[in-house]
Amino acid sequence: MLAKVQSAHLLGIEPYAVDVEVDIAQRGLPHFNIVGLPDTAVKESRDRIKAAFKNTGFPFPIKQITVNLAPADLRKEGSSFDLPIAIGILAAEGHIPKESLRDFLIVGELSLEGKVRAIKGALCIVSKLKDGEVKKIIIPRSNASEAGVVKDVDAYPVETLQEAVDFLKGEKFIKPFKTEINFYDDANYYEDLSDVKGQFQAKRVLEIAAAGGHNILFIGPPGSGKSMLARRLPGIMPPMTVEEAIETTKIHSVAGLLPDNAGLILKRPFRAPHHSSSDIALIGGGQIPKPGEVSLAHNGVLFLDELPEFKRNVLEVLRQPLEDGFVTVARSYATVQFPSRFLLVAAMNPCPCGHYGDSVKPCSCTPQMIIRYRSKVSGPLVDRIDMHIEVPRVNYQELKNDTPSESSSSVRERVIRARQIQLKRFKNEGIYCNAHMKTKHLRKFCMINEDCHSLLQSAMEKLGLSARAHSKIIKVARTIADLEGSENIKSQHVAEAIQYRSLERLSF
């Protein structure tokens with residue numbers, strides 16, 4: 001007696017079709033064997049399925065049971081094969097019509113009492129179905145909200161093994177679950193920019209960064225407001241599009257960070273890993289590669305506070321995602337790719353004591369200590385950060401000033417207008433903001449006059465800027481022009497962009 005159930009396996013965020021083949025033989029000693037490169041979690045499904053059968057009232061066959069997960073050369077991991085294996089056994093025993101399985105893909109973990117638990121990466125699996133022949137999926141009820149986002153696929157949520165069996169036998173009607181996506185104005189869910197006293201230039205840099213997707217490095221003494229500024233950046237960024245929300249939700253679903261019954265992530269992520277994090281935690285990896293912090297921050301903000309306190313090898317892994325917008329994790333088992341288009345905000349002190357250049361408190365560090373401290377952050381990494389800005393100490397007069405400063409919502413309106421200009425400009429280019437422009441885009445959209453060329457030449461010679469820094473200055477100038485509604489890049493836009501690279505003279 002043979003039955004086949006269609007299921008799926010995730011490799012990174014990419015799903016692959018898996019056929020769960022169940023053969024039950026009458027002769028020979030009873031056994032329950034799973035083949036097809038299963039990991040420990042898949043092998044342990046034997047005990048979960050046996051207990052689920054007993055507690056649900058289904059007779060477990062005391063026969064030779066062989067389960068093959070095809071293709072056999074692809075390693076399978078996780079608990080999502082529990083439900084398809086159980087359904088396959090029941091179909092092979094004649095409790096479920098085999099022809100009813102042809103139109104469905106089935107995933108789910110079983111509890112010992114027969115309930116169907118949530119799985120990781122449900123949205124990734126359902127999204128892949130819309131391009132295939134099978135358009136129906138039986139999925140845990142806890143995953144229904146994320147699965148119901150995909151319009152062209154019917155997701156049938158089940159809560160128990162019994163409910164899944166009754167549905168496949170035609171004895172129970174289940175309506176396909178559809179999630180209504182309501183993109184609300186989520187700015188009120190973030191901390192407000194008006195809470196920050198003073199620091200007007202730093203706030204200006206935040207606005208430019210949000211409008212053009214540019215990375216920032218804050219340098220200043222302790223308590224000057226670097227962390228406060230960084231945590232208010234998501235509140236002035238434009239709302240996520242449907243495509244961005246789906247991409248972000250896929251990554252968090254694969255990582256197992258979505259709560260039960262959660263739909264799309266509509267708020268831009270803000271990730272702030274501790275400086276003791278490893279390179280694998282930051283970039284992703286493991287024996288079976290999982291997304292790291294740079295991918296969990298996709299379409300959002302990655303905040304690295306106390307930048308020099310990170311291990312140098314940890315920081316160096318940021319070079320590729322900052323340039324490419326994705327991370328490729330290669331292991332002997334597999335090579336996977338995770339998207340990682342994030343906005344980096346880094347913060348650091350100017351020296352070990354934090355008071356170098358402070359007008360109030362003198363620095364107690366020697367020149368060698370300062371050089372050693374700054375050398376923990378490599379020049380090539382700093383060169384990839386678009387804007388460098390000093391965040392000075394806030395004086396008492398600014399702290400006691402109760403006059404409300406500009407709120408996040410008003411800044412956000414200007415950012416949205418600038419982003420709309422960019423979306424229109426890059427409509428057929430496959431990019432969404434100025435920071436993502438390549439060389440061909442600079443030639444096409446960032447023409448500058450002779451005055452701008454003179455300014456850039458002077459800055460290149462005096463500050464020793466690299467070719468990459470030259471491109472980033474032009475991109476930032478393009479964003480400044482967009483914020484002003486200017487079609488052309490003018491000399492004042494270039495001059496302001498150069499100002500945000502003036503810390504190049506510091507030793508890194």
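Points worth noting:
- Search result, residues across the stretch 224-245 that are of a type in the set (A, V, I, L, M) and crowded, with 21+ Cβ neighbours inside 10 Å: Leu229, Ala230, Leu233, Ile236, Met237, Met240, Ala245
- Residues that are closer than 30 Å to Cys124 by Cα, assigned to a strand (DSSP E or B) and open to solvent by 30 Å² or more (accessible area, probe 1.4 Å) do not occur anywhere in the stretch 345-354.
- Pro238 over 12 Å from the mean Cα position of the chain (by Cα), at pLDDT 90 or above and of a type outside the set (D, E, K, R): yes
- For the stretch 78-110, a tally of residues being polar (S, T, N, Q), in contact with a helix residue (DSSP H, G or I) (Cβ under 8 Å, 6 or more places away or on another chain) and either crowded, with 23+ Cβ neighbours inside 10 Å or under 28 Å from Pro289 (Cβ atoms) (or both) returns 1.
- Within the stretch 66-75, tally of residues that are in a strand (DSSP E or B) and either aliphatic (A, V, I, L, M) or surrounded by 23 or more Cβ atoms within 10 Å (Cβ to Cβ) (or both): 3
- Given (1) in a helix (DSSP H, G or I); (2) open to solvent by less than 10 Å² (accessible area, probe 1.4 Å), index of the condition Ser127 fails: (2)
- Sole residue being basic (Lys, Arg) and either over 24 Å from Ala230 (Cβ atoms) or not assigned by the TED database to the domain that holds Arg232 (or both), chosen from Lys462, Lys376, Lys361: Lys462
- Taken together, the residues in the stretch 114-124 that are out of contact with any Pro (no Cβ under 8 Å at 6 or more places or on another chain) and either crowded, with 23+ Cβ neighbours inside 10 Å or modelled with pLDDT of 95 or more (or both) amount to 3.
- Candidate set: the stretch 314-325, residues that are out of contact with any Leu (no Cβ under 8 Å at 6 or more places or on another chain) and either open to solvent by less than 30 Å² (accessible area, probe 1.4 Å) or modelled with pLDDT of 90 or more (or both); chosen: the one nearest to Lys226 (Cα to Cα): Pro321
- If the condition is being surrounded by fewer than 18 Cβ atoms within 10 Å (Cβ to Cβ) and in contact (Cβ under 8 Å) with a residue 40 or more places away in the chain, then the stretch 422-444 contributes only His436.
- When Met447 is tested against (1) more than 30 Å from the chain's Cα centre (by Cα); (2) open to solvent by less than 20 Å² (accessible area, probe 1.4 Å); (3) closer than 30 Å to Gly430 by Cβ, only condition (2) is not met.
- Among residues of the stretch 355-384, those that are surrounded by 17 or more Cβ atoms within 10 Å (Cβ to Cβ) and outside any loop (DSSP other than H, G, I, E, B), counted: 6
- Members of the stretch 43-64 that are assigned to a helix (DSSP H, G or I), free of Cβ contacts under 8 Å to residues at least 40 places away in the same chain and out of contact with any helix residue (DSSP H, G or I) (no Cβ under 9 Å at 6 or more places or on another chain): Lys43, Asp47, Lys50, Lys54
- Selected residue [open to solvent by less than 30 Å² (accessible area, probe 1.4 Å) and over 26 Å from the mean Cα position of the chain (by Cα)] from Val391, Val411: Val391
The values are calculated or read from the model by the stated rules, or taken from the named source; none is laboratory data. Not measured: the values here are computed from a predicted model. Because the Cβ atoms are built from the backbone with ideal geometry, glycine has one as well, and the counts that use them run over all protein chains shown. Note: accessible area is taken over every heavy atom of the protein model, side chains too, but ligands, DNA and RNA are not part of it. Shrake-Rupley method; radii C 1.70, N 1.55, O 1.52, S 1.80 Å.
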